[in-house]
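Reading through the structure tokens given below for one structure.
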Amino acid sequence: MVVPDVSPTADTSTAPAAQPNGRAGSAAIEFTNVVKSYQAGQPAVGNLNLNIDAGKITVFVGPSGCGKTTSLRMINRMVEPTSGTITVGGRDVSSIAAPALRRSMGYVMQSAGLLPHRTVVDNITTVLRLNRVPRARARARAAELLDTVGLSAAMGRRYPNQLSGGQQQRVGVARALAADPPVLLMDEPFSAVDPVVRAELQQELLRLQRDLAKTIVFVTHDIDEATLLGDKVAVFATGGRVAQYAAPEEILRAPVDDFVAAFVGRDRGFRHLSFHAGTGVAVHAAPLAPMGAAAPDEGAAAAGSGWRLAVDAGNRPLGWLAPGSAAPLLPGGSLFHAGDSLRNALDAALSSPSGLGVAVDDDGMVTGVVRAPEVLAAIDAARISFNAANTATAATTTPTATSAEGRP
Ligand code: ADP
Ligand code: MG
């Protein structure tokens with residue numbers, strides 16, 4: 001998927017977060033001593049200090065009412081801080097006109113917030129039109145974005161109420177991406193859709209982010225969603241206090257206090273497993289069927305299933321061919337990238353019609369296939385060694401572990 005730059009043709013002088021070359025990736029966000037008090041009493045956000053990496057997904061997670069939305073909205077000045085400083089790409093946001101600032105960042109919320117009386121395409125192109133991108137170019141961009149978020153072109157002519165909740169959220173994401181902003185703010189974007197669609201949207205976001213490398217700040221109350229999506233996770237406690245800020249595997253493996261431990265949950269040991277590198281899983285030769293090749297490849301026999309993986313001239317996966325057939329091409333499921341976790345390896349194997357998960361290198365070229373039973377065996381082995389290590393640690397830290405797990 002290619003997502004070209006669509007920089008505004010005008011008004012760039014007031015669009016601060018756009019990078020000089022229009023490309024995303026260098027917009028780090030920094031909170032320094034940020035306080036927000038809506039009224040006297042305990043502030044919604046007490047004293048927030050946080051550095052958010054450019055080009056990564058940072059998740060704010062925590063129970064309801066702890067200041068996640070407030071913190072997110074101060075980034076684009078939908079909420080003004082009482083005191084303190086927020087910078088984006090090194091620029092103090094308070095020095096930038098709020099409307100221009102807002103337009104320079106994508107924003108996705110729980111209800112997609114689409115304009116009901118405008119078509120999907122018109123919704124997606126709203127910001128582009130505000131940025132004076134010519135109509136034809138804006139519509140072409142909208143068509144691309146529909147494809148990017150997995151919707152057909154025909155959807156573009158519909159009105160929001162003619163779409164399912166999940167489709168509306170996809171349109172919300174397309175709209176947020178329209179002007180190719182370096183920063184994407186997402187507030188519980190998938191919380192209102194059913195779990196199956198939600199899992200799909202989460203995978204789509206991860207897939208998109210591989211290509212886009214936006215600075216994404218993502219708010220959720222769901223620790224599973226946080227650890228799945230976040231490169232880093234900030235666990236919020238009441239009053240906008242960040243109890244722990246770390247990579248998800250660190251938060252699951254070593255919660256800093258009882259609050260985080262309780263929030264992460266009793267089965268954190270098992271969740272942690274999914275972060276084990278999938279390097280122990282055997283990658284077998286793929287049963288390749290290069291497009292245009294006359295005969296089935298030797299690899300088919302080696303893999304023993306009869307399924308063949310179609311690849312393009314660059315050895316990138318196109319889809320699967322069922323045993324004995326040359327068409328149709330069946331969509332391939334998720335990919336297992338070198339260095340990914342066991343969870344990704346299992347995902348790839350289970351989502352593939354052949355039961356073989358496609359492994360690719362950094363360039364997206366096929367390196368082989370993984371088999372579900374072997375991934376499961378690797379997960380089991382990791383669980384056994386994790387439990388053994390945990391039992392040994394528990395002997396010395398029982399009081400803490402007990403108090404953390406005894407909480408509701
Ligand atoms: P979260 O997103 O973590 O659920 P919020 O940031 O929405 O939390 O809210 C944090 C606290 O600030 C809550 O106690 C909430 O009631 C309060 N709050 C949020 N918005 C307003 C507002 N506009 N006026 C007054 N209080 C608010
Ligand atoms: Mg909220």
*Which one of LEU356, LEU350, LEU318 is over 23 Å from GLY230 (Cα atoms), touching a residue at least 12 places away in the same chain (Cβ under 8 Å) and surrounded by fewer than 22 Cβ atoms within 10 Å (Cβ to Cβ)?*
LEU318
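What about ARG118, is it more than 30 Å from ASN51 (Cα to Cα) and away from ligand 2 (no atom under 16 Å from the Cβ)?
On the way: more than 30 Å from ASN51 (Cα to Cα): yes; away from ligand 2 (no atom under 16 Å from the Cβ): yes.
In short, yes.
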*Give me the pairs: first residue in the stretch 166-193 and within 22 Å of SER64 (Cβ to Cβ), second residue among the aromatic types (Phe, Trp, Tyr) and assigned to a loop (DSSP other than H, G, I, E, B), beta-carbon distance under 7 Å, and six or more apart or on different chains, which are they?*
GLN169/PHE190
*So which pairs qualify, if the first residue must be in the stretch 30-51 and more than 25 Å from VAL183 (Cα to Cα), the second must be within 12 Å of ligand 1 (Cβ to nearest atom) and of a type in the set (D, E, K, R), the Cβ gap must be under 8 Å, and the two must be at least 6 apart or on different chains?*
PRO43/LYS36
*asked:* Is it the case, given these coordinates, that VAL59 is crowded, with 17+ Cβ neighbours inside 10 Å, assigned to a strand (DSSP E or B) and within 16 Å of ligand 2 (Cβ to nearest atom)?
replied: yes
_Conditions first: (1) more than 16 Å from ligand 2 (Cβ to nearest atom); (2) buried (at least 20 other Cβ atoms within 10 Å of the Cβ); (3) modelled with pLDDT under 95. ASN21 passes all but one, so which condition is the exception?_
(2)
*Between residues in the stretch 61-85 that are touching a residue at least 12 places away in the same chain (Cβ under 8 Å) and residues that are of a type in the set (Lys, Arg) and away from ligand 2 (no atom under 16 Å from the Cβ), which pairs lie under 6 Å by C-beta distance while being six or more apart or on different chains?*
ASN76/ARG102
*Looking at the stretch 181-195, which of its residues are modelled with pLDDT under 90 and either of a type outside the set (A, V, I, L, M) or in a strand (DSSP E or B) (or both)?*
PHE190, SER191, ASP194, PRO195
*Check the stretch 160-174 and report whether any residue there is charged (D, E, K, R), part of a helix (DSSP H, G or I) and crowded, with 16+ Cβ neighbours inside 10 Å.*
yes
*Mind checking whether some residue in the stretch 302-310 is modelled with pLDDT under 80, surrounded by 13 or more Cβ atoms within 10 Å (Cβ to Cβ), out of contact with any strand residue (DSSP E or B) (no Cβ under 6 Å at 6 or more places or on another chain) and in a loop (DSSP other than H, G, I, E, B)?*
yes
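Yes/no per residue for (1) within 22 Å of ALA247 (Cβ to Cβ); (2) surrounded by 18 or more Cβ atoms within 10 Å (Cβ to Cβ); (3) of a type in the set (Asp, Glu):
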residue: THR32; (1), (2), (3): no, no, no
residue: ALA40; (1), (2), (3): no, no, no
residue: PRO43; (1), (2), (3): no, yes, no
residue: ASN51; (1), (2), (3): yes, no, no
residue: ARG91; (1), (2), (3): no, no, no
residue: SER94; (1), (2), (3): no, no, no
residue: PRO99; (1), (2), (3): no, no, no
*touching a Gly at 6+ places or on another chain (Cβ under 8 Å) and over 21 Å from GLY65 (Cα atoms): does that describe LEU201?*
yes
*Count - residues of the stretch 77-108 that are in contact with a helix residue (DSSP H, G or I) (Cβ under 9 Å, 6 or more places away or on another chain), closer than 19 Å to ASN33 by Cβ and more than 10 Å from ligand 1 (Cβ to nearest atom)*: 9
_Just the residues that are over 18 Å from LEU146 (Cα atoms) and more than 16 Å from ligand 2 (Cβ to nearest atom), please, taken from the stretch 165-193._
PRO182, VAL183, VAL193
*Filtered residue count, the stretch 62-86, keeping only those that are surrounded by 18 or more Cβ atoms within 10 Å (Cβ to Cβ), of a type outside the set (A, V, I, L, M) and away from ligand 2 (no atom under 16 Å from the Cβ)*: 2
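The values are calculated or read from the model by the stated rules, or taken from the named source; none is laboratory data. Just so it is clear, the model here is predicted, and its values are computed rather than measured. A quick note on method: Cβ atoms are made from the backbone with ideal geometry, for glycine too, and the neighbour counts reach across all protein chains shown.
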